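The structure appears right after this line, and notes come after that.
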Amino acid sequence: MSQAYPAEFIPGARSAVFTCLCIQPNEKVTLITDRVTEPIAASIAAQLAELGCPFNAFILEDLAPRPLTDMPAAVLEDMETSAVSIFAVQVQPNELHSRMQMTDVVNRRHMRHAHMVNITPEIMCDGMRSDYDQVDRLSQQVLDRVRRATRIRATTAAGTSIISDMNPAYKWFKTSGIISPEKWGNLPGGECFTSPGDVNGTFVVDGVVGDWLCARYGLLASTPLTIEIAKNRIVSCSSTNKQLGQDFWAYTHTDENSDRVGEFAIGTNIGVSRVIGNILQDEKFPGIHIAFGNPYGEHTGAPWRSGTHIDVVGLGFNIWLESPDGEQQIMHEGKFLISA
């Protein structure tokens, strides 16, 4: 891959290859990108070349028209002989199915996979420069506590007030940026997540919404989206930006489980200081985000499925964990009360 790239990408690319994925010289890698993201992928390819590992790089537009209806067969076939895959692409509407085809291979083969959806130069110079060893230590502290929790309560000054009763049959995971065969992870990383048992209350999205709506609507501080949730399903949503509310409602009513809370997560990337309008990084911002749709059942154990998945991020959380040992507050106004 001969595309030029700025030197500012090098620390983030090295972090991805050497720290987060810990790629070894004898491991084959599949690198997937598109025309827009090619400079970022080129910086990663340069690190792979320096390491000396075998890899194949694919540019999606060379293989199929966008938006993708299916992941190109050449990509999936190459992944069948790789230990690691890296997906650095700007997604387009209605491409989730193709990404799920890719992660199905990852899950079946227990590959280490870096999911860098909508990665940008800003993220390469921001979230990808986090100290992922420190983020991993904090994530483990959070994971140890939430695994014991039977209920999680959260509030924000903007009006969020939710209670999530946890299902002990569903597993918690950390995707701290240190990626293992157990669970592929987004980069930049930094979260602990599960599928909840039952969520009720009000969630005010004054950060960002996910998927393609993120690029369209950006930061929501001035036009927050208020979502009412009962028995794990969306009851209503509203925003002064009427089109945002309509688009979110339509997205979360694509199939029978698109309006169901599939993911409950706590962002743990203390290396990022603000939301930037990009869900890839913003969902790792310290606090709570939830997602409606696919619960990643192959990992969490949730027995249902959806063809959609959309994250919503709020800001400035207070978080309490309830367990048989009592109640513990782990965050106050967006700051962790536990240390790495």
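The values are calculated or read from the model by the stated rules, or taken from the named source; none is laboratory data. Predicted model, so just to flag it, every value in this text is computed and none were measured. Ideal geometry is used to build each Cβ from the backbone, glycine not excepted, and the neighbour counts take in all protein chains shown. Keep in mind that these areas ignore ligands, DNA and RNA; they rest on the heavy atoms of the full protein, side chains included. Shrake-Rupley method; radii C 1.70, N 1.55, O 1.52, S 1.80 Å.
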What number comes out for accessible area per residue over the chain if the probe is 1.4 Å? Units Å², please. 38
Among 49-59, 308-318, how do they line up from the highest to the lowest mean number of other beta-carbon atoms within 10 Å? 308-318, 49-59
Could you state the principal axis extents of the C-alpha atoms in the range 8-111, from the largest down, to the nearest angstrom? 34, 31, 20
What FRET efficiency, computed as 1/(1 + (r/R0)^6) with R0 = 25 Å and r the Cβ-Cβ distance, is obtained for residue 238 and residue 161, rounded to the nearest 0.05? 0.95
Please state the Cα pair-distance histogram of the range 94-145 with 5 angstrom bins from zero: what percent is in each bin? 4, 15, 15, 16, 19, 24, 8, 1
Relative contact order of the range 20-118, defined on C-alpha pairs under 8 angstrom at six or more residues apart (%): 34
Report, in listed order, any pair from 171/284; 284/335; 183/284; 231/284 with a Cα-Cα distance greater than 24 Å. 231/284
Expressed in nanometres to one decimal, the distance between label points 7 Å along Cα→Cβ at residue 327 and residue 104 is 4.5
What percent antiparallel are the DSSP beta bridges of the chain, to the nearest 5? 75
State the percentage of accessible surface on the range 262-340 attributable to carbon and sulfur atoms; use a 1.4 Å probe and exclude ligands, DNA and RNA. 48
Out of the range 190-278, which GluC sites (Glu not before Pro) are coil in DSSP terms and have no more than 11 other C-beta atoms within 10 Å? 256
Please report the spacing between the Cα centers of the range 245-291 and the range 144-183 in Å, no decimals. 13
Per its Cα gyration tensor (rounded if a/c is under 1.5, else prolate when a/b beats b/c, else oblate), the range 210-340 is best filed as oblate
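Need the full-extension length gain, residue 340 to residue 253, defined as separation in residues times 0.36 nm minus the C-alpha distance. One decimal, nm. Numbers along the way, then the final one.
Working: separation 87, 0.36 × 87 = 31.32 nm, distance 3.95 nm.
Computed gain between residue 340 and residue 253 is 27.4 nm.
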